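S.K.: Just passing along the structure, written as structure tokens.
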Number of protein chains: 2
Amino acid sequence: MQVFDRHEVLDRKEIENLQAIRLKNTVHQATASTFYRNSLARASVKVPDINSHEDIARLPFTTKEDLREQYPFGFLAMPKEKMVRLHASSGTTGSPTVILHTQNDLNVWADLVARSMHCAGVRSSDVFQNMSGYGLFTGGLGIHYGAERLGCLTIPAGVGNSKRQIKMLGDYKVSVAHIIPSYALHLGSVFDDQGVDPRSMHLRIMLIGAEPHSEEIRSRIQEIYGVRAYNSYGLSEMNGPGVAFECEYQTGMHLWEDAYLAEIIDPETLEPVPQGQTGELVLTTLTREGMPILRYRTRDLTRFIPGECPCGRSHRRIDRITGRSDDMIVIKGVNIYPMQVEKILMSIPEVGQNYIIQLERQGHMDQMRVKVEIRDEFFVEDMRRLQQIQNKIAGLLREEILISPKIDLVEHNTLPQSQGKATRVVDKREEGK
Amino acid sequence: MQVFDRHEVLDRKEIENLQAIRLKNTVHQATASTFYRNSLARASVKVPDINSHEDIARLPFTTKEDLREQYPFGFLAMPKEKMVRLHASSGTTGSPTVILHTQNDLNVWADLVARSMHCAGVRSSDVFQNMSGYGLFTGGLGIHYGAERLGCLTIPAGVGNSKRQIKMLGDYKVSVAHIIPSYALHLGSVFDDQGVDPRSMHLRIMLIGAEPHSEEIRSRIQEIYGVRAYNSYGLSEMNGPGVAFECEYQTGMHLWEDAYLAEIIDPETLEPVPQGQTGELVLTTLTREGMPILRYRTRDLTRFIPGECPCGRSHRRIDRITGRSDDMIVIKGVNIYPMQVEKILMSIPEVGQNYIIQLERQGHMDQMRVKVEIRDEFFVEDMRRLQQIQNKIAGLLREEILISPKIDLVEHNTLPQSQGKATRVVDKREEGK
């Protein structure tokens, strides 16, 4: 196996030793920040207490609310003058979350992204079109720096303007694209509208991430474009892209354990879940100097995939994100994750590329309505045929989520199409109260 | 004087010697491209002919049309696999103009931008908000890489969302901003609307460029924000930003002659204009390896400013761009540059931040109509007062451009506001023909 970085093939013991050293360094570094000086003192944790990767359990958790309360600079472990980059969330609900990086932090991040892309089969000879938004959002610049580090011919396409995206894919013989999964599906229908076969492009790899999606969505993307699509995971609090990435075996995402110490906990008890079970991912930065973060509660639900990966990389794999600990829908007393609905919908051949889950209240009763786009060839005038499709969808969903949603079939391209992360759930239960 | 790069203070002879060596290298490098192999052969120029900076005159010109005809890769002097970045124009009128860079090209570019920003007084301790569009447009990533190279805390704000821009300027104590001049004026009125004094921010420097503007616009920006505003010059064919930049004396832009060989020619005869006269700027890359460009006709009109700059930098200064050789308005047989109109308008205290020049046809007669926003405090109900303002504007414009335009006074914030380069001239003469 060809690796980009020798750290990819450290054995388990070597990784744990490295984690112990880097965790100690990180805790030492963190005490330079206002926030951690206080929070570590409250938890009575001192640097000499940290001698093993397992000592992570002594540290207090960090939450998004902590980051917001310290807005903008309370987490800085070095003088602001040493920082060269600021990223921030949009802050539509409260203070933005601000993450700052030194030049060294940016270098390490670019290396992690380059390693990640290489791990998915991208090489320096590839032509790479980055269809992520640039600017404060980390998906754009994060992947961009990594692609250049790897040596790809990098096209900073940004989001939107689908016709231009298609022209660039063709004219520049693009072989690798970075794209949000819902936009990949939408772009497929723009190809259709233009009468161009997406498989006639030179694409061989698509890197998809930035929003949770099902295996069925991946299969559709691979089918539409005739590519291998690789899942990726990252979040701005942990730099952005480059936290975990799939290798050629597409069996979960290798989480780079030399850079992040990962735990999976029960979001209620905050204790580790048994090995292989799903829980909330908690991450600690191991290499960040400007703004280290300890035990960050990502709210993302996943599990460690047991066993070794055939690729030979020793870094443990996490499963695709099945939801967020705070996006669970509770309806009629049943817990449902939107990803369960998506998984069923995308396995049905008649279903098109877009859907919306709408939560409503009828009298005192909550109700789920699923609006589903149907492929043109199935959207026929025959009411009986449409009724059959409707019943089929309702039946399959009931089997998975145990309640019976209302199903509205709509025509291709009639549901709102976002160009960023898709909005899949609309909660109208509180309206008109 | 503190310089970022020792090349800034080479003496004239050293610059010319360096140019001779680099020009020879560049011509040698260029012959590896399809386009220049043919064009240099047609002009019977061989590498051994190039032994002095003055031998530039032997080389053929390159135009935007040449770049378009060679779309996308006909100018490459190295294999595509060596390239790591692609920038392109929008291609709304014909094929896009594509510029490609090796990693080394990007490094040199970042150094030039860092040097430019340093020359305008920016330091590594500054907090820098980049309000340029990221992606394929070179203003965003170009300045971004330079700011990081200089060591500034760089905020990749991107364009638009004025309220958020203002929040960031305040919350992050931003000391330097990069902004398009027309947007700087617009943002000033958003500050007004929000009841916030732009001078209460921590801003000390604004880098303004990407669109030609008058000295009066600069003065207004300095006045509104209480900053020093520095003019800059660049174009994507020559990388983007970082071709020429003002120093603290604000007396023209030092053109980095170790990286670009500059000529000013008569766009009709293609001969050099006499020293100090205005003509079309022609530029040759001296350090670019992936895609060298020889004698590029920028279409931008400027002149070399005679004499030495008090700052001690030896690189000659170009004057602010007064227009483009192809944007001259011909009306009633008179040649007018939009910049002449702007200069007058912005010198009138009653005039607000926005204006549009509209060319119309009445019967067989061409006519110029200038729509001008008036500051709120002058937009009163008193028709006689408004009439006076109208007459004053018409009179001052007639003195400058020799024809009498119609003047429409409109209220603050009623003319269309672009968030990118401002559209100042609307030609309606061919409509309804």
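S.K.: How do B:Arg361, A:Arg398 stack up against each other in accessible area, from largest to smallest, with a 1.4 angstrom probe?
M.R.: Details: B:Arg361 90, A:Arg398 110 Å².
Highest to lowest solvent-accessible surface, that is A:Arg398, B:Arg361.
S.K.: Given R₀ = 45 Å, FRET efficiency for A:Gln194-A:Ile348 by Cβ-Cβ distance, to 0.05?
M.R.: Working: r = 26 Å, r/R0 = 0.58.
Using R0 = 45 Å, I get an efficiency of 0.95.
S.K.: If you don't mind, another one. How high is the relative contact order of segment B:329-427? Use alpha-carbon pairs under 8 Å, at least six apart in sequence, and give a whole percent.
M.R.: Working: 148 pairs, mean separation 33.6, N = 99.
Relative contact order for segment B:329-427 comes out at 34 percent.
S.K.: Then there is this: Calculate the mean, over all residues of peptide A:128-138, of how many other protein chain Cβ atoms lie within 10 angstrom of the residue's Cβ. Show your work: numbers first, answer last.
M.R.: Details: counts 2, 1, 1, 0, 1, 3, 10, 13, 8, 3, 1.
Per-residue shielding by partner chains comes out at 4.
S.K.: Specify whether the C-alpha gyration tensor of segment A:1-123 places it in the rounded, prolate or oblate class, a ≥ b ≥ c being the square roots of the eigenvalues: rounded for a/c under 1.5, otherwise prolate if a/b is larger than b/c and oblate if not. If you can, show how the numbers build up before the last one.
M.R.: Values: a/c = 2.13, a/b = 1.22, b/c = 1.75.
Judged from the Cα gyration tensor, segment A:1-123 comes out oblate (a/c at least 1.5, b/c at or above a/b).
S.K.: A:Lys46: which lysines have alpha carbons under 21 Å from its alpha carbon, excluding same-chain residues fewer than 8 sequence positions away?
M.R.: A:Lys24
S.K.: Stokes-Einstein at 20 °C, 1.002 mPa s, Kirkwood radius from Cα pairs: D for chain B in µm² s⁻¹?
M.R.: Once the numbers are plugged in, D ends up at 93 µm²/s.
S.K.: OK, next. Show that you can apply the helix-only estimate: for the protein assembly as shown, add -39,500 (n - 2.57) for every DSSP H stretch of four or more residues, divide by all residues, and state [θ] at 222 nm to the nearest 500. Display every interim value, and only then the final one.
M.R.: Working: 20 runs with 250 residues, N = 866.
Theoretical 222 nm ellipticity from helices: -9000 deg cm²/dmol.
S.K.: State which stretch of chain A is the longest one without any exposed GluC sites (Glu not before Pro), exposure meaning a DSSP loop state and at most 12 other Cβ atoms within 10 Å. Can you show the working numbers first?
M.R.: Values: sites that count: A:Glu268, A:Glu308, A:Glu381, A:Glu430, A:Glu431.
The longest uninterrupted stretch comes out as A:1-267.
S.K.: Grab the beta carbon distance between A:Arg429 and A:Leu396, set R0 = 35 Å, and tell me the FRET efficiency rounded to 0.05. Provide the component values of the computation, followed by the final result.
M.R.: Values: r = 24 Å, r/R0 = 0.69.
After rounding, the FRET efficiency stands at 0.90.
S.K.: Sorted from largest to smallest, which semi-axis lengths in Å does the alpha carbon gyration tensor of segment B:319-366 give for its equivalent ellipsoid, taking the root of 5 times each eigenvalue?
M.R.: On the way: eigenvalues 95, 55, 13 Å².
The three semi-axes for segment B:319-366 are 22, 17, 8 Å.
S.K.: Between B:Asp327 and A:Asp326, what's the calculated FRET efficiency when r is the beta-carbon distance and R0 is 45 Å? Round to 0.05. List each step's numbers first, then the result.
M.R.: Values: r = 54 Å, r/R0 = 1.21.
Efficiency computed from Cβ-Cβ geometry: 0.25.
S.K.: Chains B and A: buried accessible surface, both sides, probe 1.4 Å, rounded to 100 Å²? Before the final figure, lay out the partial values.
M.R.: Numbers: alone 18980 and 19000 Å², together 34870 Å².
For B against A, buried area totals roughly 3100 Å².
S.K.: Tally Lys and Arg at +1 and Asp and Glu at -1 over the other residues with C-beta under 13 Å from the C-beta of A:Ala177: what net charge comes out?
M.R.: Spelling it out: positives minus negatives among the neighbours equals +2.
S.K.: Distance cut-off 18 Å, Cα to Cα: go down the list A:Lys371/A:Lys428; B:Lys332/B:Lys392; A:Lys332/A:Lys392 and report the pairs above it. Walk me through the numbers on the way to the answer.
M.R.: Values: A:Lys371/A:Lys428 14 Å; B:Lys332/B:Lys392 22 Å; A:Lys332/A:Lys392 22 Å.
The answer is B:Lys332/B:Lys392; A:Lys332/A:Lys392.
S.K.: Can you give the Kirkwood hydrodynamic radius of segment B:329-427 from its Cα pairs, in Å with one decimal?
M.R.: For segment B:329-427, the Kirkwood estimate is 13.9 Å.
S.K.: Give the cross-link partners of B:Lys167 among the aspartates and glutamates, using a straight C-alpha distance below 19 Å as the criterion and excluding same-chain residues fewer than 8 apart.
M.R.: Answer for B:Lys167, where 19 Å is the Cα cut-off: A:Glu69, B:Asp126, B:Asp192, B:Asp193, B:Asp197, listed by chain and number.
S.K.: A further question on this structure: Suppose accessible area is computed on protein heavy atoms with a 1.4 Å probe; arrange B:Lys406, B:Lys371 from highest to lowest.
M.R.: Working: B:Lys406 95, B:Lys371 60 Å².
Greatest to least solvent exposure: B:Lys406, B:Lys371.
S.K.: I'd like the mean, over residues of A:99-111, of how many other protein chain beta carbons sit within 10 Å of each residue's own Cβ.
M.R.: Working: counts 0, 3, 3, 2, 3, 0, 0, 2, 0, 0, 0, 0, 0.
Across the residues of A:99-111, the mean count of other-chain Cβ atoms within 10 Å is 1.
S.K.: Can you pull the mean other chain C-beta count within 10 Å for peptide A:82-89? Intermediate results must be reported in sequence, preceding the final value.
M.R.: Working: counts 4, 5, 10, 8, 11, 2, 8, 0.
Mean inter-chain Cβ contacts per residue within 10 Å come to 6.
S.K.: Among the lysines, select those whose C-alpha is under 20 Å from the C-alpha of B:Lys163, and discard any that sit fewer than 8 residues away in the same chain.
M.R.: B:Lys173, B:Lys421
S.K.: Each residue of segment A:77-89 in order: what ³J(HN,Hα) in whole Hz does its phi give by Karplus 6.51 cos²θ - 1.76 cosθ + 1.60, θ = phi - 60°, with x for Gly and Pro?
M.R.: 9, 9, x, 3, 5, 7, 7, 10, 8, 10, 10, 8, 6
S.K.: Just the number, please: Stokes-Einstein D of the protein assembly as shown in µm²/s, Kirkwood Rh from C-alpha pairs, 20 °C, 1.002 mPa s. Don't jump to the answer; show the numbers that get you there.
M.R.: Values: Rh = 30.0 Å.
Approximately 71 µm²/s, per Stokes-Einstein.
The values are calculated or read from the model by the stated rules, or taken from the named source; none is laboratory data. Since the structure is predicted, the reported quantities are computational estimates derived from the model, not experimental observations. Cβ sites come from the backbone with ideal geometry, for glycine too, and all protein chains shown count toward neighbours. Ligands, DNA and RNA are excluded from the accessible area calculation, which covers all protein heavy atoms including side chains. Shrake-Rupley method; radii C 1.70, N 1.55, O 1.52, S 1.80 Å.
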